[in-house]
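Derivation of every value follows stated rules applied to the coordinates shown; laboratory data play no part. Keep in mind it's a predicted model, so treat the numbers as computed, not measured. Cβ atoms come from the backbone with ideal geometry, glycine included; neighbour counts cover every protein chain shown.
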Amino acid sequence: MAVTEVPYSSFLRGPSEVLPALEHGDVRLERRDAEALVMTRARRYQAAMRGTSLASAMVRDLARKDAALAARLLAEQLPWLAWMPRGEQEGCLADILTNLAAGAETGTFEPFARSLAEWEHTAEVWADPELAKRLSSELPGDGGTIARPKVQR
């Protein structure tokens, strides 16, 4: 499916010139100082949500019935897991599957997407042995004592 990218200002000036692009796919409205918006037909949106919900529910059910198989299948889709130590991999897969299952139940997939991105960044740190060593080591010093803040009224 094609995605047409259009400046948001162009849409505001002439929506009737942009809306026909929805016949061929989604329209991504690029905004200068904010996150882009995506317009899609309701039928296409509902189909995508139904497919996502069904696939997520199937993965959730698979994880309940055979957690090891679900983890192996998920790991095949996330090659960056190879950069992480075994214990981290297990925690990552459990967290991702939990968030995916919750998304399937609620239709809210932002926590899943955030978790996936965070774990991928964690794997990137493990891919750099020097960085992983620096971030895993103890900080120098004892941290010292911090005075209690004074409340100003």
Taking Lys and Arg as +1 and Asp and Glu as -1, residues besides Ala101 with C-beta under 13 Å from its C-beta add up to 0
Direction-averaged shadow area of the convex hull around the Cα atoms of the stretch 92-131, nm²? 2.6 nm²
Pick out which of Glu124, Glu138, Glu110 has the largest mean-square fluctuation in a Gaussian network model of the chain, springs linking Cα atoms closer than 10 Å. Glu138
Given charges of +1 on the Cβ of Lys and Arg and -1 on the Cβ of Asp and Glu, with all other atoms neutral, how large is the dipole of the stretch 51-136 about its Cα centre, in debye to the nearest 20? 200 debye
Could you compute the net charge surrounding Ala48? Neighbours are other residues with a C-beta less than 14 Å from the C-beta of Ala48; K and R count +1, D and E count -1. +3
I want to verify a result. In a Gaussian network model of the chain, Cα cutoff 10 Å, which of these has the top mean-square fluctuation: Ala34, Ala68, Ala132? Ala34
For the chain, radius of gyration divided by Kirkwood radius, i.e. Rg to Rh on alpha-carbons: 1.14
Does anyone have the angle between helix 67-77 and the longest principal axis of the chain? Alpha-carbon axes, 0 to 90°, nearest 10? 70 degrees
Enter the angle in degrees (range 0 to 90, nearest 10) between the Cα long axis of helix 86-106 and the first principal axis of the Cα atoms of the chain, meaning the one along which they spread out most. 40 degrees
What's the extension gain from Gln46 to Glu23 if we count 0.36 nm per residue and subtract their Cα-Cα distance? 6.7 nm
Per 5 Å bin from zero, what fraction in whole % of the C-alpha pairs of the stretch 51-136 is there, up to the bin with the longest pair? 3, 16, 23, 24, 17, 9, 5, 3, 0
For helix 42-65, what angle does its Cα long axis make with the longest principal axis of the chain, in degrees from 0 to 90 and rounded to 10? 30 degrees
